[in-house]
1. Select the strands (runs of 3 or more DSSP E) contained entirely in the stretch B:145-241, then report the ones holding at least 1 residues which are more than 14 Å from every other protein chain (Cβ to nearest Cβ) and in contact (Cβ under 8 Å) with a residue 12 or more places away in the chain.
2. State which residue is farthest from the other protein chains (Cβ to nearest Cβ) when the search covers only the stretch A:131-168 and only residues that are under 30 Å from B:Arg160 (Cα atoms) and among the basic types (Lys, Arg).
3. One residue is enough: does the stretch A:109-119 have a residue meeting the conditions acidic (Asp, Glu) and at the interface with chain B (Cβ under 9 Å from one of its Cβ atoms)?
4. I'd like the full set of residues that are crowded, with 16+ Cβ neighbours inside 10 Å, in contact (Cβ under 8 Å) with a residue 40 or more places away in the chain and farther than 27 Å from B:Thr220 by Cα, limited to the stretch A:78-131.
5. What are the pairs, 6+ residues apart or on separate chains, where a residue within the stretch B:296-322 that is within 20 Å of B:Leu281 (Cα to Cα) has its Cβ under 7 Å from a residue that is in a loop (DSSP other than H, G, I, E, B)?
6. Only residues that are buried (at least 22 other Cβ atoms within 10 Å of the Cβ) and more than 7 Å from chain A (Cβ to nearest Cβ): list them for the stretch B:134-144, please.
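Every number in this text was worked out from the coordinates using simple rules, so none of it is lab data. Note that this is a predicted model, so its numbers are computed, not measured. All Cβ positions, glycine included, derive from the backbone under ideal geometry; neighbour counts span all protein chains shown.
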Amino acid sequence: MLCEKCNKKKATVFYNENINGKVRSFNLCADCAKAMRDAGELEDISASFSSFASPFLSLEDSFFNDFFSLPFHTTGGLNAPSAPKKCPLCGATLSDISTTGKVGCAKCYETFADELEGPIQSAHGKTGHIGRIARGHRAKKEKADRISALKKQLKEAINDEKFEEAASLRDQIHALEGNA
Amino acid sequence: MAWYQVPGNEQDIVISTRVRFARNLSEYPFPSRLDAAGAKEIINKVGQVLEDNGFTKTDFSDISHTAAVSLVEKHYVSPEFVRESLPHALYLNEPCNLSVMLCEEDHIRLQCILPGLALQDAYKGACKVEQLLDERFDLAFDDKLGYLTHCPTNLGTAMRASVMLFLPATTMAGRMEALAARLNQLGLTVRGLYGEGSGSDGYLYQVSNQVTLGVTEEGTLRKLEDVVHQIIDNERKLRQSVSGRDLDLLTDRVLRAEGTLKYAHALTSAEFLKLAAEVRLGVAMGIIKDVKVEALTALLIEAMPATLTMNTEPTPKTEGERDLARAMLVREKLSGNP
């Protein structure tokens, strides 16, 4: 994703604020974020704006220097009185995650899905896992793929007016969906 | 025999290849939010499966600092693992070149390390252990994010494939920074000898994948393999391009280094690393003919402080004694290779 201010550099800072219901969000490169902060256009943040550019800087370092040093995706900006959201499994808050640079448990990824989405996409440049699948999820994926293939065949069968075949395909789909 | 004691492919340039997977058990918090009891439970559960499958346990709460650092030098554990405060243990199957760290940054960090360039074999080795654990445990996984890891930078495949390269000509030609920048654009990274944050000694660098989400394991390996082959070709061309006065100067330097390594009475590890790099280059370029590259690779591990201390009788007690033991080991290894 490119910085929405300069449209040249990669956006590595995701700034969201909600002050008294007034919502603003920006996807910025580190330079523009710094410039906007210096100009007082963003909440004053004592963040270190390191850059992705240094080849010897590890991804991990830049990931958290860039993202978690900012009050991104907060609800209420810096003056908000609301209690921070906590992971129901490990009790981690977004502030814990930004301090340590690590999430607390697998459930945190679900709890803070919205807040983590931008940084994860930016760090990897891509979203959507396409690699190996854990055993417990393999059957689910295979079933979803099978249903999708059968639905395609069903559509073709209907188009070709092969109604007996279509009925059989529909039954197979129902049987698979019934086991979902 | 351990990985560093046997020859490997492209060993004039590639020291070793590693493939590691990070995995977590879905029902436990990640290590930074895990208590000692939880860590012990994980070690007992996962460790039992590993012990039943030919792995030997090394409990890090019960190990000397020297023994722990020696395992870092052999690249079986990370430097961070030694500093870990939670209960943590290594499970090692040295003949199969497999090691599993339990309760490092993630619950499970398993790896296969092989000599030379062997990405596919290292991947297959790591996959065997991964499958073993996948069959028995509920691993933390999400359809969109892949394997869930303590640090979001490892999400997806949670696989890190790395190749340790010896790049003296590329370094001397001042091309490392440009290479690093280029690799960065390709989603790869260059690090020093012992991984993240470590410097590069003896012209040794680790090239590894950086991106793990939205990519397949096979695609990552293919890309890394292609890039490594390009780096190897460039390094070889640069080595071959040295001629005339430059070649005389280089020849003088590597032969002096060989002389010092073969006759020194005391060697510090820094001096050893520097001279061994010169000699390795001399061997690779055919300037030195009576030293084998594998002997130099073995020394890269065996002459390091902790491993040297562990293997020397009587145990050297001071740095000075260690330097004498190192010189003796190097003399034996280098003169013993026809």
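1. The qualifying strands (runs of 3 or more DSSP E) are B:159-166, B:204-209.
2. A:Lys143
3. At the first step, the residues of the stretch A:109-119 found to be acidic (Asp, Glu) are A:110, A:114-115, A:117.
Subsequent filtering for residues that are at the interface with chain B (Cβ under 9 Å from one of its Cβ atoms) retains A:110.
The answer is yes, given that some residue of the stretch A:109-119 is acidic (Asp, Glu) and at the interface with chain B (Cβ under 9 Å from one of its Cβ atoms).
4. Result: A:Glu115, single match.
5. From the stretch B:296-322, the pairs are B:Thr297/B:Gln11; B:Ile301/B:Lys74.
6. Filtering the stretch B:134-144 down to residues buried (at least 22 other Cβ atoms within 10 Å of the Cβ) leaves B:137, B:139-141.
Result: B:Phe137, single match.
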